[in-house]
Each structure stands twice: as structure tokens, then as C-alpha cells.
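Worksheet for the structure shown next.
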Amino acid sequence: AIYYHTARALSELTGLADFTLTPFAGAHGELTGLMVMRQYHLLRGDTKRTRVIVPNSAHGTNPASAAVCGLEIVEVKSTANGTVDTNDLKGLLDDTIAGIMMTNPNTLGIYETQVVEIAQLVHDAGGLLYYDGANLNPMLGASRPGDMGFDIMHINLHKTFSTPHGGGGPGSGPVGVAAHLVDCLPNPRVTFADGKYRIENGKLKIESSHLDGNCQFGNSCGRVAAFMGNFGVVMKAYTYILSLGKDIKHVGPIATLNANYVKESLRDAYYLPIDTVCKHEFVFDGLADKSTGVTTLDIAKRLLDYGYHAPTIYFPLLFHQSIM
């Protein structure tokens, strides 16, 4: 029951039709989502779609997950303001593209304002949109990936729904999909009918004929875990959602307010390469005073000396001394 109702709540918060809570972490969720994407194209007989577009600002796990899934990575460039270059994207879209992996806001903490146009371009080319939910925090309660045009996404419950991030785990990376992909989700699935909850497994079945984009029950992408994920993390997320209730609408705005407060407090000491309002995170390029010779690594190590968990460093790769 908890598994089922948590999935329903996540669907409501993201604008997607259904979720599997089986994946154990964000990267595991990425792989699962890409398996769903690939299964969708295989069921349609669209076997040429073996390439995935990934922005050059993406999380490193994006191209890694695509490679593990047997897909080829195609990089799309970013504009000077850090968002996806739609002109470059247009030149990459053809009948070999399975989809695009995006984070919104992106790794620089900048909202992709052209996301609706990007969705239209990719869908018109026959591809799907994958949303990397690592940056869902500033969107929670304010905007839904499903409404932006995304077909598949993963959520890091251990980042966004109360389990502390870092420390080696445990994690949880539920994957949500739009209605036309529901039956491609991995086994097992929890259903509810006639007042009863059931654990169901669809038989793995790939039809050679075209299915007009609609997956039939039994066309699951398979299994991705021994059972049904890290239940303890799911339980905490369910409790968190029920505790906040309608106040969950404040999570995104508060995360954004906090990040901008920190950014403005530190901007005189650090170099801010893209000076704009951020969402839940932002990226400095080392100290503002380069004459000191002090590196981002030095800063991170010194923070640890004082008992503070260091921020992510040297990522994204767009800047030489990135400190997130």
C-alpha cells in the first residue's frame, strides 16, 4: 500500500502517469529510464534509434548510463548563458535519435527557458525526453516535468524527499513515465483493484509488428532489482509528503531562495562566471582573486578540516575550477 500510494503522490507532483520505485539510486534510475526508452522504440520496430543526445553540461552519469544501456552518446552544445543551444540541437535530430537526456534547471542551476521548444523538436523527430531528476528540488511544488513535455524521469528520493544526501547511501531512484510508456516499466508493478493491492509481473514480450506507440501489458523492459527497491527510503519519502501536505508547494521556492542567498553572500570572494538568478544551486569558478594560487581543491580540503562537508568540485566541466 505504501509503495502504491507513494507512486501515486510522485505522479501527482511530477505530472507523469505512473512510477516504479524499484531502482536503488539516481544512476540506476537513469539506466532504468533508458531501458524503458529503448523498449518503447523496439516495440515499434524502430530499431535504428540507438543514439541519445546529452548536453555538454550534463551530469557525468548521463552518458555513462546511456553507454551501459548500449546507446551511443551525441553531445549538444550550450549557449554562452549555459542553456541548451537549440540551433545545434536541430542539426542533431534524425531518425536514429532515441531521445535526449536533460536536467532542468541544468547543472549550472539555470532554468532551461526553451524546454517547451526543445520538447517539440525532439518529439517531432520521433524521440523521447528524459528528465534527470537530480535537480528537482527547486521545481517541487512549482513546476512539473510532465507539463514541460518530458516522457520519462527519475527522482532522487534521497535528495528531494528527506533522506540525507551523501554519506554512501542508502538511495532510491524511482522512475516515472507518461501514459504511453506505462507498460514498459520494469517488473514488479503494484496495482490496486477491488480494494486489494497486488504485486504483478508482466511477461517480457517484444512484438515485431508496430504498435502505433502504445505498449501492451506484458511489454515490460524486464527487471532491474531483486525485489522492490530500498523500502526504508520510500517510507521516509511517503512520510515526508504526507507531513508537508499542501505546504510541499513551498519546497521549490525555499530551495531557490536559499541558494541565491548563499550565492550573493559569497560572490565577492568567488568568481561567478554566469551572473544570473539561480535555482537550487550555482557554480563558481574558483576564487575571485586568482593571484593567490589557491585552488578549488584547496578550498574543499580546508572546509573538511573545519568539519564542513565540501561542495561538489571540478564539476560541471564547463569551468576550470568549478565549485558547486
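Just need a number here: residues in region 78-88 that are modelled with pLDDT of 95 or more and surrounded by fewer than 22 Cβ atoms within 10 Å (Cβ to Cβ). Reasoning before the result, please.
Going residue by residue through region 78-88, those that are modelled with pLDDT of 95 or more are 84-88.
Imposing the further condition that a residue be surrounded by fewer than 22 Cβ atoms within 10 Å (Cβ to Cβ) reduces the set to 85-88.
Counting residues in region 78-88 that are modelled with pLDDT of 95 or more and surrounded by fewer than 22 Cβ atoms within 10 Å (Cβ to Cβ) gives 4.
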(message) So for region 187-199 (the condition being under 20 Å from ALA66 (Cβ atoms), out of contact with any Asp or Glu (no Cβ under 6 Å at 6 or more places or on another chain) and open to solvent by less than 10 Å² (accessible area, probe 1.4 Å)), does at least one residue qualify?
(response) no
(request) Kindly indicate which of LEU16, LEU43, LEU71 is in contact with a helix residue (DSSP H, G or I) (Cβ under 9 Å, 6 or more places away or on another chain), in contact (Cβ under 8 Å) with a residue 12 or more places away in the chain and under 27 Å from LYS246 (Cβ atoms). (result) LEU16
(request) Tell me, please, whether a residue that is open to solvent by 30 Å² or more (accessible area, probe 1.4 Å), in contact (Cβ under 8 Å) with a residue 12 or more places away in the chain and in a strand (DSSP E or B) can be found in region 121-139. (result) no
(request) Return the residue satisfying two criteria in turn: it lies in region 274-311 and is open to solvent by 70 Å² or more (accessible area, probe 1.4 Å) and among the hydroxyl-bearing types (Ser, Thr, Tyr), and of such residues it is nearest to TYR261 (Cα to Cα). (result) TYR308
(message) Looking at TYR261 and the list (1) open to solvent by 50 Å² or more (accessible area, probe 1.4 Å); (2) under 22 Å from PRO105 (Cβ atoms); (3) of a type in the set (Phe, Trp, Tyr); (4) not in a helix (DSSP H, G or I), which single condition is not satisfied?
(response) (4)
(message) For the structure I just gave you, tell me whether ASN106 is in a helix (DSSP H, G or I), at pLDDT below 95 and either buried (at least 23 other Cβ atoms within 10 Å of the Cβ) or aromatic (Phe, Trp, Tyr) (or both).
(response) no
(request) May I ask you to list the residues in region 43-86 that are part of a loop (DSSP other than H, G, I, E, B), among the hydroxyl-bearing types (Ser, Thr, Tyr) and under 18 Å from the mean Cα position of the chain (by Cα)? (result) SER57, THR83
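The values are calculated or read from the model by the stated rules, or taken from the named source; none is laboratory data. Quick caveat: nothing in here was measured; it's all calculated off a predicted structure. As a convention, Cβ positions derive from the backbone with ideal geometry for all residues, glycine included, and neighbour counts pool all protein chains shown. SASA here: full protein model, heavy atoms, side chains in, ligands and nucleic acids out. Shrake-Rupley method; radii C 1.70, N 1.55, O 1.52, S 1.80 Å.
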